[in-house]
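Chemist: Dropping a structure here in structure tokens format, bear with me for questions.
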Amino acid sequence: MADFRHLVDQARGEGMAIELYELALRKDGGHTSSTTGYVSSAYATRQVRIVLDGGGALLEPGALQYAKGRLKIDVQKAQGAGGLLRRQVVSAGTGDAAFATRYSGHGEVWTEPTRGHFVLASMDGPEDSLILDDGAFYACEGTVELGHHTHRSVSGVLSGNGLVQPKLTGRGVFIVESPVPVEEIEAIEMDGTDELIVDGDVMLMYSATLTVELRPLVSGLRNAARSGEGLVFRFTGTGTVWLTPTARVH
């Protein structure tokens, strides 16, 4: 492997692993060896490698840079996106496509370098489920089901945050894109006693066990316009909400 890549995080699944690298690039277009005291930076260029040893992985369409090995490659439709009309609605309502590229076998898959940030994590059981912000899905283990959560309220249909959102269910590792570094993500635990109101622009993902509504901050069209907030997420129940409070200053 080229020495300008520096491994900063990794997670292993069944017969596969997801690795996150930062590229030690110089402004003059060269590179700095990762063996000479590389220091991580929030402004670094990053690249993801998926290592397959008999397992499988789903990758966001268009993210591939190159793949090497004995691989089987298929296009997989996200669960709940059946039918031509349904696929068009799902694609229009979320930043993620209704399809993902599935890789399986033995080899490695490299994604395109990006200045974006990533969260690498895992879900522990078949009943675990997370709902992601539009465009947040990047890759996951093949044992994780990629689907969609539909907001069925009128407010949800009209929301600029999308009619549907990507949903991950099951056991396995995954990686999502974030507008801020991991250390700037705030996890808010909900114990069922309080309501949490969130501007959609800072919502990264949340537990599917939570009840969520997309609606105006205050009732009444005139009052909603005066509040200047538009539609917000309202969370109740038990679970976790991950926020990116510093997203607007990056």
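The values are calculated or read from the model by the stated rules, or taken from the named source; none is laboratory data. The shown structure was predicted, so the numbers you read here are calculated from the model rather than taken from an experiment. Heads up, the Cβs are rebuilt from the backbone with ideal geometry, glycines too, and the neighbour counts pull from every protein chain shown.
Chemist: Could you tell me which residue of the stretch 1-31 is surrounded by the fewest Cβ atoms within 10 Å (Cβ to Cβ), considering only residues that are modelled with pLDDT of 65 or more and of a type in the set (Lys, Arg)?
Modeler: So the first thing to find is which residues in the stretch 1-31 are modelled with pLDDT of 65 or more, and the list is 1-25.
Next, only the ones that are of a type in the set (Lys, Arg) stay: 5, 12.
Working: ARG5: 20, ARG12: 15.
The qualifying residue surrounded by the fewest Cβ atoms within 10 Å (Cβ to Cβ) is ARG12.
Chemist: A follow-up question, please. Counting only residues that are farther than 22 Å from THR244 by Cβ, at pLDDT 95 or above and assigned to a strand (DSSP E or B), how many does the stretch 129-168 have?
Modeler: Matching residues across the stretch 129-168 total 1.
Chemist: Does SER34 meet the test of being under 18 Å from HIS148 (Cα atoms), at pLDDT below 90, of a type in the set (Ser, Thr, Tyr) and surrounded by 15 or more Cβ atoms within 10 Å (Cβ to Cβ)? Quick ask: steps written out before the conclusion?
Modeler: Details: under 18 Å from HIS148 (Cα atoms): no; at pLDDT below 90: yes; of a type in the set (Ser, Thr, Tyr): yes; surrounded by 15 or more Cβ atoms within 10 Å (Cβ to Cβ): yes.
So SER34 does not fit the description; no.
Chemist: Hey, another quick one. Could you please find all residues in the stretch 197-214 being surrounded by fewer than 18 Cβ atoms within 10 Å (Cβ to Cβ), in contact (Cβ under 8 Å) with a residue 40 or more places away in the chain and assigned to a strand (DSSP E or B)?
Modeler: VAL198, GLU213
Chemist: Residue by residue through the stretch 178-196, note down the ones that are in a strand (DSSP E or B), among the charged types (D, E, K, R) and over 16 Å from ASP133 (Cβ atoms). Don't jump to the end; show me each part of the working.
Modeler: As a first pass, look at the stretch 178-196 and keep what is in a strand (DSSP E or B): 178, 186-191, 196.
The next check asks that each one be among the charged types (D, E, K, R); those that pass are 186, 189, 191.
If the condition is that a residue be in a strand (DSSP E or B), among the charged types (D, E, K, R) and over 16 Å from ASP133 (Cβ atoms), then GLU189, ASP191 are the ones that fit.
Chemist: For the stretch 64-100, give me each residue that is of a type outside the set (D, E, K, R) and modelled with pLDDT of 95 or more.
Modeler: To start, the set of residues in the stretch 64-100 that are of a type outside the set (D, E, K, R) comprises 64-67, 69, 71, 73, 75-76, 78-85, 88-95, 97-100.
LEU64, GLN65, TYR66, ALA67, GLY69, LEU71, ILE73 - these are the residues of the stretch 64-100 that are of a type outside the set (D, E, K, R) and modelled with pLDDT of 95 or more.
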